[in-house]
1. Among what's in region B:92-111 and is open to solvent by 10 Å² or more (accessible area, probe 1.4 Å) and within 28 Å of C:Leu214 (Cβ to Cβ), pick the residue that is farthest from the chain's Cα centre (by Cα).
2. Does region A:31-48 contain any residue that is within 14 Å of chain D (Cβ to nearest Cβ) and either without any contact (Cβ under 8 Å) to a residue 40 or more places away in the chain or over 18 Å from A:Ser134 (Cα atoms) (or both)?
3. Of all residues in region D:151-169, which are farther than 12 Å from C:His164 by Cβ and either more than 12 Å from chain C (Cβ to nearest Cβ) or out of contact with any Leu (no Cβ under 6 Å at 6 or more places or on another chain) (or both)?
4. Would you check if C:Ile8 is away from chain B (no Cβ under 12 Å), closer than 23 Å to C:Leu214 by Cα, in a strand (DSSP E or B) and open to solvent by 40 Å² or more (accessible area, probe 1.4 Å)?
5. Just checking, does region A:239-255 include any residue being more than 14 Å from chain D (Cβ to nearest Cβ) and either buried (at least 20 other Cβ atoms within 10 Å of the Cβ) or over 28 Å from D:Lys78 (Cα atoms) (or both)?
6. When residues of region A:17-27 are filtered for being part of a helix (DSSP H, G or I) and within 14 Å of another protein chain (Cβ to nearest Cβ), how many remain?
7. Would you point out the residue of region C:46-92, among those that are out of contact with any Ser or Thr (no Cβ under 9 Å at 6 or more places or on another chain) and among the charged types (D, E, K, R), that is farthest from B:Pro74 (Cα to Cα)?
8. If you go through region A:16-27 one residue at a time, how many are under 19 Å from A:Asp67 (Cβ atoms) and surrounded by fewer than 20 Cβ atoms within 10 Å (Cβ to Cβ)?
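The values are calculated or read from the model by the stated rules, or taken from the named source; none is laboratory data. Predicted model only: the values in this text are computed from it and were never measured. Methodologically, a virtual Cβ is constructed for each residue, glycine included, from the backbone with ideal geometry; neighbour enumeration extends over all protein chains shown. To get the accessible areas, we keep the full protein, side chains included, count just its heavy atoms, and leave off ligands, DNA and RNA. Shrake-Rupley method; radii C 1.70, N 1.55, O 1.52, S 1.80 Å.
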Number of protein chains: 4
Amino acid sequence: MRTRLAGIVVLGSNGEAPLLDDAESDAVIETVRVNVPRDRTLIGGVGRESTAATIAAATRAARIGVDIVLVRTPSFYKNVMTSDAFVRYYTAVADASPVPVLLYNVSMFTGVNLMPDAVERLAAHANIMGLKESNADLVQLAETIARTPDGFVVLGGSAPTFYHALCAGADGGVLAISSVGPDICVDMVDLVRAQRHAEALELQRRITPLGRLLGAMTGVAGLKYALDQIGYAGGPTRPPLGTVPPDAQKQIREQLAALGTLAAK
Amino acid sequence: MRTRLAGIVVLGSNGEAPLLDDAESDAVIETVRVNVPRDRTLIGGVGRESTAATIAAATRAARIGVDIVLVRTPSFYKNVMTSDAFVRYYTAVADASPVPVLLYNVSMFTGVNLMPDAVERLAAHANIMGLKESNADLVQLAETIARTPDGFVVLGGSAPTFYHALCAGADGGVLAISSVGPDICVDMVDLVRAQRHAEALELQRRITPLGRLLGAMTGVAGLKYALDQIGYAGGPTRPPLGTVPPDAQKQIREQLAALGTLAAK
Amino acid sequence: MRTRLAGIVVLGSNGEAPLLDDAESDAVIETVRVNVPRDRTLIGGVGRESTAATIAAATRAARIGVDIVLVRTPSFYKNVMTSDAFVRYYTAVADASPVPVLLYNVSMFTGVNLMPDAVERLAAHANIMGLKESNADLVQLAETIARTPDGFVVLGGSAPTFYHALCAGADGGVLAISSVGPDICVDMVDLVRAQRHAEALELQRRITPLGRLLGAMTGVAGLKYALDQIGYAGGPTRPPLGTVPPDAQKQIREQLAALGTLAAK
Amino acid sequence: MRTRLAGIVVLGSNGEAPLLDDAESDAVIETVRVNVPRDRTLIGGVGRESTAATIAAATRAARIGVDIVLVRTPSFYKNVMTSDAFVRYYTAVADASPVPVLLYNVSMFTGVNLMPDAVERLAAHANIMGLKESNADLVQLAETIARTPDGFVVLGGSAPTFYHALCAGADGGVLAISSVGPDICVDMVDLVRAQRHAEALELQRRITPLGRLLGAMTGVAGLKYALDQIGYAGGPTRPPLGTVPPDAQKQIREQLAALGTLAAK
């Protein structure tokens, strides 16, 4: 199936990246690289806790063929993860990475927050091309966009605020929901670009329930379940991740039906 | 001076309502009532911790002449302030109030949150006309709007997210910043209604710094200081509120100058 | 009934103080003053949001006959309630109060926190005699005690950590649970003073379930219900406070029975 | 140097475990195993995000010779890390581990919390011998202890609340500060066991400042710096961890001097 998506992300949060070892991670990128057409951007997640491990992963991913590396904030030592620490970390990674770096802020999983002052400083690095901002804080997102150059790409990562992120000036999105409803997500971008805000807001209202279901409520398990429903092979999660409760399964099926994606493939 | 504002709120959070006694509160409403033209809506804050005290305050305010009462969530006993408790509280107040009730959610001051499910239930009450939502959570705001009827008025109360709230479907706003830049706020509403989003976003970027300064950073003291700068008599705060630090004073003057409101009166 | 309690607090959080007006508050103090023997300390809650209102309430309470005034932190304007603001507030109140001031920190209700540095500065005031610390943060409590003189009285206000507060050096407690189990609370102080820690810890384990039930879980309504069960007249709460859910009622009765206080009176 | 410590932990949070790869981790354990006398317990951290990776690490560590494996809660997918998920995870790990499992709860780093109900269920597993509880919540600690059998070992992991944890019934501690002041930590346990609480509390007051410095304030970098000061080779941190600011260095030296450990080796 061909979609209108501009590219694909592998080894993001929903790709269970923290549950795979290095060899598995490389194999995932290889498989995807073979199957994604060259006219679509391939972004690979390579964030690790240590700077050296991240650089090693970025180097391997670039060699296999990703176009861009997605680098999640390190987060274990939360008490010392200041803006200065993030700037040091990302600068070292971007200095060493053979391909451009996409910053990645996702506080619901990391418990740390990449603030606009850090992003502003990092946006000046020639090898840092943008930010995937998965937080729903519109004030922060708007400030980040205002403090970075026009060419710096900001991608929304929260489905329930995707329309709002685009209103705030985001350039696009990287969303779990685009795996099950790719055209809907592209439509949203097109509608906002065409200044058709009433339709965009209406579309947002339609996708918010599924966005929440596949986000905070069920996460990876929910997305895999949804993929199974529409003809892809989502498959089981890797422990300690579990399964989707029956109630949530029912809600996911209902939302997929409401969005007309149950037979999408 | 005449402005294009649709109305005025007295005894809101920035009106130092929690620091005034009942006689002072009544005197404030009387003074404003005399001076606000009848073609503008006068909204008076009457929220108290006890249901009975709120009803008494609403009754007095209505007698003096407010068109609508603004009722902040009770908040001291946070552990039992469930949606059910809020529904009971607001229903009792709305049953008794001689004038329509405007719900008021402002977690930065109350530490409690009036959730969409409670607002949905309350919106069915004939004497509850809307909600002033001062939180910056766009997901919650969008859900609240989606779950309430078209005629239910939702007003944004957070300056840094005012444009975003309008995008999400808010009908207008009640903002501290409109005291120092009334036309800017009306312009924002007009721009969004006219689908001129690029200009609206640009305007939002211009007001966000002052919105943040007069919001979380300096609060009542900052707003009073700003009013002093543009020719109104903001005056001192009532203790325990204090004064604006010199640094913040300078920033406020700079932002007022940038907005062209320093000689607004 | 006579108990071994050293005194009594009226118009604390569990006394529904925020739900009473000034006349009612005065009447409560008068009633209690008449009935509490002069050899027991009578402490009256007088905290208000404004400094002036607090001073007025303290003056009236002293005239009626309280020995000490309990002054909760003001809390509405959370964003500016710094240690400096608290020091200014309490200094003004203590300067004006005819009777000694007992500071009162209870973040679960106020959403603000009176930090050790502020308490240290305030402990130097001749008319500030101590602190009722109702938070369960033992690190903060220990620091506060370490930074204040020996004569400064620190009273624990959290039943589930009462033993731990005494271990940390607290001088005693002001606890909701002492209304239904006064002797148990006095026993705890005596056991710790006698260095009988194993018994004290065992006693703590016995009271923790009721402490939690009457604390965060049911609050004022739970305490009133418990008083009704043991022969006092707790009576109904004042709205917006509600009633105790049947499940919690059952748990309260079970815990009262386990503590042997069901027929205490 | 010989100390009175009962054992040693390697690859805990302060051992930079999340920054090492598997080969480095194994090498650390091997080095320590050779140098730690057999009469002291050797505990090795093996927690990973995936259940399978944790089991593999536990198996390797046991083969190298650790007596007990310390298993931190998985934490990336915070939204689904319920008590049920933790029970499934730890049960699978304990079923497979060749040596006993010590649970490890450290919310300041993980952002998740292993609640008493989960610990209670896990304590019934024959291969789960205890819990290292590094949170400072004494209410939770006391509840965990009350809900687990006497033979289940609970070790405090927060220096500023170590005395309080022992009062609550903790059996001992695993503390960063014991690397620089081992005898002080053993003294604390001895004092509490001997019911010499006044001395224990006084000792707690002496160690709290260093405990806070080496905890939330400077973390790994602070501990390494402190080790350098007393004659060990703490060495540099691994990026993205950085260095200790000069101010904090000064404070650490002052506290080490106050504790008499500057020339400890």
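1. B:Ala92
2. Scanning region A:31-48 turns up at least one residue that is within 14 Å of chain D (Cβ to nearest Cβ) and either without any contact (Cβ under 8 Å) to a residue 40 or more places away in the chain or over 18 Å from A:Ser134 (Cα atoms) (or both).
3. The answer is D:Gly151, D:Phe152, D:Val153, D:Val154, D:Leu155, D:Gly156, D:Gly157, D:Ser158, D:Pro160, D:Phe162.
4. yes
5. Scanning region A:239-255 turns up at least one residue that is more than 14 Å from chain D (Cβ to nearest Cβ) and either buried (at least 20 other Cβ atoms within 10 Å of the Cβ) or over 28 Å from D:Lys78 (Cα atoms) (or both).
6. Residues that pass the stated criteria total 7.
7. C:Arg63
8. Here the count works out to 2.
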